Amino acid sequence: MTYSTDPITTPSGTPMPSASLMFDLRGPGIPGGNTPKSAELGSGTAIGRRIAIGGRFERAAAGPGCDDVRMRLSYRRPSCQWELRPGEIHVCSVALAASPGCIAHLEGVLSPEERRRACRFRTAALWEAFVAGRGILRTILGGCLKLPPSNVPLDYGERGKPRICGGYRLRFNLSHSGGQALYALALDCEVGVDLEQIRPMPDCDSIAARFFSAAEVRDLLSVPPDQRVEAFFACWTRKEAYVKAVGDGLCLPLDSFRVSMLPSEPPQLDATGDSHEWSLFDVSPGQGYAAALVGERSRTEVYGWAFSDAEECTGYFG
Ligand SMILES: CC(C)(COP(=O)(O)OP(=O)(O)OC[C@H]1O[C@@H](n2cnc3c(N)ncnc32)[C@H](O)[C@@H]1OP(=O)(O)O)[C@@H](O)C(=O)NCCC(=O)NCCS
């Protein structure tokens, strides 16, 4: 994969300002400003190194004289002006709840092919979730690219990864689960994100035995039973975020690489043989959800932005 280092241009060749995406978003600012801070996690293979979260990161003490290297992204409401710069990954957490009027609006921004796909869902709830998820995606991307959402030129990679065609530098990925969606955005940098609502998983050991690497199965079985489901979802989301960043999805054998999952360990990815270097982050949007983000290693600033429903999100980006 090659990445353009040209300034951002529209398909017609108009350069975007200062090689970054400026968001002139109306709405309340974040009290205390939006100055990123960061922290080194340490060295290792594709380890989440720095997380800046709307001005702060969460970093817990692990014990006397010892910093806990686990960091979890905390999400903030977006500030008035939101800028996506090279070297950053922004993750938007959006609750997919939407009023009938908002759903009708979002349906209106879908392409004819997307509307056909929506109609193939068997229940109204699934139809609505797809319309909301895809309509919000188009609205966010349209806001970034200064295009009407319906004009965002989307297509798909060989293995189904959605992407923007036409020479734009913006890359994205998305995931949805349990009425919640995560959208990851970056410039010139492939990203993959995976979100799962944590739910009872009585067969997690056998799923792990089937899909995980031998080392991961050993790790999982070493976790006390009362923490095992959480470890399973940490592992699962980290693996899916990686296969989605690469773009292969589940065509890439899940046992061909290893991720960390022990509650005491930071997110780590060991994908020997992959010439790309990746960073892995924990980006759970809240209690009851596991989520992971993978981006190219040089992209180490991660910001999280939360929208409480589809209306709020479309209000900012639309
Ligand atoms: C991508 C995949 C891992 C998604 O996992 P999931 O947990 O079920 O769903 P998520 O909500 O996390 O992600 C879904 C989104 O991933 C994106 N996606 C689809 N294929 C992708 C790929 N190859 N790489 C990255 N992202 C992909 C899409 O945007 C999709 O959203 P949409 O359904 O609204 O269009 C999985 O569906 C997959 O591998 N699909 C590829 C094709 C396939 O099924 N291959 C079978 C083996 S060869």
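FYI, it's all coordinate maths here, none of it is from the lab. Please read all numbers here as calculations on a predicted model, not as lab measurements. Neighbour counts are summed over all protein chains in view; Cβ atoms, including those assigned to glycine, are modelled from backbone coordinates with ideal geometry.
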Inset, instruction - For every other residue with a beta carbon closer than 12 angstrom to the beta carbon of residue 223, add +1 if it is Lys or Arg and -1 if Asp or Glu, then tell me the sum. - result: -4
Inset, instruction - Would you kindly derive the ³J(HN,Hα) couplings of segment 278-284 from the backbone phi angles with the Karplus curve 6.51 cos²θ - 1.76 cosθ + 1.60 (θ = phi - 60°), listing them in order in whole Hz, with x for Gly and Pro? - result: 10, 10, 10, 10, 8, 10, 4
Legend entry - Estimated distance in nm for a label pair at residue 158 and residue 207, the labels positioned 7 Å out from Cα along Cα-to-Cβ: 2.9 nm
Inset, instruction - Please report how far the C-alpha centroid of segment 168-216 lies from that of segment 87-166, rounded to the nearest whole angstrom. - result: 18 Å
Inset, instruction - Determine, for 204, 189, the number of other Cβ atoms within 10 Å of each Cβ, and report the residues in order from fewest to most. - result: 204, 189
Legend entry - Full-extension gain in nm, residue 111 to residue 277, via 0.36 nm per residue minus C-alpha separation: 56.3 nm
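So how do 148-156, 91-99, 130-138 stack up, highest first, on mean other-Cβ count within 10 Å?
The packing order, highest mean first, is 130-138, 91-99, 148-156.
If we count every other residue with Cβ under 13 angstrom of residue 196's Cβ, Lys/Arg +1 and Asp/Glu -1, where does the sum land?
Charge balance in the 13 Å sphere: 0.
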